[in-house]
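The values are calculated or read from the model by the stated rules, or taken from the named source; none is laboratory data. Predicted model only: the values in this text are computed from it and were never measured. All Cβ positions, glycine included, derive from the backbone under ideal geometry; neighbour counts span all protein chains shown.
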Amino acid sequence: MSWRRIATLRTPDAFRGHLRESGIALAFDDELSPASSSPFALPIEVGGDRVGNRFCILPMEGWDGTPEGEPSELTQRRWRNFGVSGAKLIWGGEAVAVRHDGRANPRQLVLADRTVGALARLRQDLVDAHVDRFGSERGLLVGLQLTHSGRFACPNSRDRAEPLVAYHHPVLDRRFPAGVRVLADDELDRLVGDFVRAGRLAVDAGFRFVDVKHCHGYLGHELLSARERPGRYGGSFENRTRFLREVVSGLRAEAKGLGIGVRFSAFDTVPWRKGPDGSGEPEGAPGYRSAFGLFEGDLDTALDDARELLRLLESLDVRWICLTAGSPYYNPHVQRPALFPPSDGYSPPEDPLRGVARQIDAAAVLKAEFPRLVFVGSAYSYLQEWLPAVGQRVLREEKADFIGLGRMVLAYPDLPADVLEGRPLRRKSLCRTFSDCTTAPRSGLVSGCYPLDAFYAGRPEAAMLGRVKEAQRA
């Protein structure tokens, strides 16, 4: 199945016509507001923190740190680009492991006593770049995402998974021939302490908040669906959220003044795989109960789990919420809509615009029901030249508070600044979701936008990536 390329939809009428013909409900504005009155430029104040505009840089999994878990020059370049982007909310910028066995790859950053100074300098690099470009750091809020990769931990070699899981999964366990190990309750108790210790170090490094990551199939997310797990961390909703509650409590007690946010997958599906024709297909799982927010066609019902979690977070006075969906490992078309899959992925089984609209709709429903919470939306990169038009409509109708950008800022880091300053978009810089930023690291190469960033196109890894893709097509 081939889907219409966004780049061919050059006018509002063409875009609107495609959405109508496809039955995709996705609203947008035909014209952008002047910079002086743009919804993107509105500041927001939350709990004493003032954020100067409505663009957010989403956290991404870095693949270019040092083996010791410190930033490399490539990491520093990426963070400086976040600084010059014009976005005023930096939601982590990077997924940072709280200890070595929680790394998703051997080059992921780690927050530890030995690395805290390097991470402090990384944050300062971002701030300095922002000040150089915009003259002040007023309204800039920089946080750090804390993670343990759990089932998808691969800390020592990209070729050797070392999964630490919340429970035995009826489908995903089969993807790890060497087996998985379920973390015991006392091990999770100690991991709570590791998250709290990392929060204290984040304060030392100058970060204003941390995100306690609960998305994309990593350990925090998996604990939310641990209905079949016995003991204190499984079964009831109270037990399945025990880890999150104890981390929040520990941070409040031991990392005074540190803001707390949670990025979580608001809905999920059964795992998918590549079918015989290369397109994605769901794996059979009768009676499947291993999802937090199982989406089977009815989004409103799927969001009931998210509603329960948001009621808890609101009671804990956690107001910063970043929404996403699914996982890049087992249903990437749900989590990260793209026309071109990574080399180890599957072709999208639906128009990726449908996946974008689904995530926007989820955020809109939850924002309406929890108006006190501050919501960052995701899945906007696939919109390409229509990102500002859709994002402006979302903000204007208060369907989310921030427009989150991930892959797009790898290809076009200063898109927010161009929108905020009223400049036309540079179409040649727009992320077209070629997925090389995923194919490269999964092949042992550093992450980056090889098709559109001249810096990466000129590196020797670009030629290596070309050979990898050619071999996989053969």
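Just a few scattered comments:
- Residue that is farthest from Leu309 (Cα to Cα), among those in segment 323-346 that are of a type in the set (Ser, Thr, Tyr) and crowded, with 23+ Cβ neighbours inside 10 Å: Tyr330
- Of all residues in segment 176-198, those satisfying the criterion of being of a type outside the set (A, V, I, L, M, F, W, C) and either modelled with pLDDT of 95 or more or not assigned by TED's automatic domain parsing to the domain that holds Gly261 (or both) are Arg181, Asp185, Asp186, Glu187, Asp189, Arg190, Gly193, Asp194, Arg197.
- When residues of segment 127-143 are limited to those that are part of a strand (DSSP E or B) and among the hydrophobic types (A, V, I, L, M, F, W, C), the one surrounded by the fewest Cβ atoms within 10 Å (Cβ to Cβ): Leu141
- Residue within segment 421-435 that is more than 30 Å from Ala35 (Cβ to Cβ), of a type outside the set (Val, Ile, Thr) and under 21 Å from the mean Cα position of the chain (by Cα) present: yes
- Filtering segment 150-165 to residues that are under 18 Å from Thr66 (Cα atoms) and in contact (Cβ under 8 Å) with a residue 24 or more places away in the chain leaves Ala153, Cys154, Pro155, Asn156, Ser157, Arg158.
- Contact annotation: no residue pair with Cβ atoms under 8 Å, 6 or more positions apart or on different chains, pairs a residue in segment 305-328 that is free of Cβ contacts under 8 Å to residues at least 60 places away in the same chain and closer than 19 Å to Arg227 by Cβ with a partner that is among the basic types (Lys, Arg) and surrounded by fewer than 22 Cβ atoms within 10 Å (Cβ to Cβ).
- Within segment 343-356, being farther than 19 Å from Leu294 by Cβ and out of contact with any Phe, Trp or Tyr (no Cβ under 9 Å at 6 or more places or on another chain) holds for Ser343, Asp344, Gly345.
- Selection count where residues are over 17 Å from the mean Cα position of the chain (by Cα) and either not small (Gly, Ala, Ser) or not assigned by TED's automatic domain parsing to the domain that holds Gly377 (or both), scope segment 342-351: 6
- Residue in segment 83-126 that is surrounded by the fewest Cβ atoms within 10 Å (Cβ to Cβ), counting only those that are out of contact with any Leu (no Cβ under 9 Å at 6 or more places or on another chain) and assigned to a loop (DSSP other than H, G, I, E, B): Arg114
- In segment 63-82, the condition of being part of a strand (DSSP E or B) and surrounded by fewer than 22 Cβ atoms within 10 Å (Cβ to Cβ) is met by no residue.
- Of residues in segment 11-30 being of a type in the set (D, E, K, R) and in contact (Cβ under 8 Å) with a residue 40 or more places away in the chain, the one nearest to Asp317 (Cα to Cα): Asp29
- Within segment 427-462, considering residues that are in contact with a Leu (Cβ under 8 Å, 6 or more places away or on another chain) and basic (Lys, Arg), the one surrounded by the most Cβ atoms within 10 Å (Cβ to Cβ): Arg432
- Checking Leu410, Leu395 one by one, the residue that is in contact with a helix residue (DSSP H, G or I) (Cβ under 8 Å, 6 or more places away or on another chain), under 15 Å from Arg54 (Cβ atoms) and buried (at least 16 other Cβ atoms within 10 Å of the Cβ) is Leu395 and no other.
- The one condition in (1) crowded, with 19+ Cβ neighbours inside 10 Å; (2) in a loop (DSSP other than H, G, I, E, B) that Phe40 fails to fulfil: (2)
- Any hit, segment 115-125, residues being of a type in the set (Asp, Glu) and either on the phi > 0 side of the Ramachandran plot or modelled with pLDDT of 95 or more (or both): yes
- Filtered residue count, segment 284-316, keeping only those that are of a type in the set (Asp, Glu), in a loop (DSSP other than H, G, I, E, B) and touching a helix residue (DSSP H, G or I) at 6+ places or on another chain (Cβ under 9 Å): 1
- Any hit, segment 288-299, residues being loosely packed, with under 13 Cβ neighbours inside 10 Å, assigned by TED's automatic domain parsing to the domain that holds Arg174, without any contact (Cβ under 8 Å) to a residue 60 or more places away in the chain and of a type in the set (A, V, I, L, M, F, W, C): no
- Exactly one residue among Pro349, Pro371 is in contact with a His (Cβ under 9 Å, 6 or more places away or on another chain) and either surrounded by fewer than 21 Cβ atoms within 10 Å (Cβ to Cβ) or within 26 Å of Ile44 (Cβ to Cβ) (or both), and that residue is Pro349.
- Output for segment 144-193, where each listed residue is part of a helix (DSSP H, G or I), buried (at least 19 other Cβ atoms within 10 Å of the Cβ), out of contact with any strand residue (DSSP E or B) (no Cβ under 9 Å at 6 or more places or on another chain) and of a type outside the set (A, V, I, L, M): Phe152
- Scanning segment 115-145 for residues that are under 15 Å from Cys56 (Cα atoms), in contact with a Gly (Cβ under 6 Å, 6 or more places away or on another chain) and of a type in the set (A, V, I, L, M, F, W, C) yields Leu126, Leu144.
- Filtered by the rule that a residue be in a loop (DSSP other than H, G, I, E, B) and among the hydroxyl-bearing types (Ser, Thr, Tyr), segment 403-455 gives Tyr412, Thr433, Ser435, Ser443, Ser447, Tyr450.
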